[in-house]
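A short write-up of the structure that comes next.
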Amino acid sequence: MSQPKEIKRIPIEEVMEYFKSEGMEVTQEEAEAIMQFLYSLTLIVIKKYFDNDEE
């Protein structure tokens, strides 16, 4: 039985600062949407390739 996967959340301010350092201005809402997508994608990859429950 596997435990629920939990990913450490990066503060939105840090995300916005990263994008700014790369030359992109993003709003807080955009940064939140980007990170939600990336967290979801990460969980999908972890489940697909690293979850041993299905074997």
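What follows is calculated from the coordinates using simple rules that are stated; it is not laboratory data. What you see is a predicted model; the values in this text were computed from it and never measured. Methodologically, a virtual Cβ is constructed for each residue, glycine included, from the backbone with ideal geometry; neighbour enumeration extends over all protein chains shown.
When the chain is described by a simple charge dipole with +1 on each Lys and Arg Cβ and -1 on each Asp and Glu Cβ, the residue from 12, 45, 24 located farthest towards its positive end is 45.
Does a label point 7 Å from the Cα of residue 7, set along Cα-to-beta-carbon, have any residues of region 20-45 with amide nitrogen under 15 Å, and which are they? The answer is 31-45. Its Kirkwood hydrodynamic radius, worked out from the mean inverse distance over all distinct Cα pairs, puts the chain at 12.8 Å. The angle between the Cα long axis of helix 28-50 and the main principal axis of the chain comes to about 20°, on a 0 to 90 degree scale. Please get the size of the charge dipole for the chain, origin at its Cα centre, with Cβ charges of +1 on Lys and Arg and -1 on Asp and Glu, quoted in debye to the nearest 20. That gives a dipole near 160 debye.
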